[in-house]
1. Between the alpha-carbon centers of region 17-31 and region 36-56, tell me the distance in whole angstrom.
2. Go through region 43-56 residue by residue and turn each phi into a ³J(HN,Hα) via Karplus (6.51, -1.76, 1.60, θ = phi - 60°); whole Hz please, and just put x for glycine and proline.
3. Using protein chains only and a probe of 1.4 angstrom, how many square angstrom of D23 are accessible, to the nearest 10?
Amino acid sequence: MTEDNNTKHQDNTNTEELNDICDECKNTDESVTQNLILTGFKICKSCRVSKTIFPI
């Protein structure tokens, strides 16, 4: 029983990571998942450009 519960918890955690919500601006965008795969950061295309031009 505990193995099933742990597996379900891990599945929910993975789904929460891929929710397409940007960590910077909190908007939903398809590019968030793409940038997460490419760079490891959950940021949208707009925030990625902003961070590239104005790194702070």
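1. Using only Cα atoms to place each centre, the spacing works out to 11 Å.
2. 10, 7, 4, 5, 5, 5, 5, 4, 5, 6, 6, 10, x, 10
3. That residue has around 80 Å² of solvent-accessible surface.
The values are calculated or read from the model by the stated rules, or taken from the named source; none is laboratory data. All values reported here derive from a predicted model rather than from experimental measurement. In case anyone asks, the SASA skips ligands and DNA or RNA and just uses the protein heavy atoms, side chains included. Shrake-Rupley method; radii C 1.70, N 1.55, O 1.52, S 1.80 Å.
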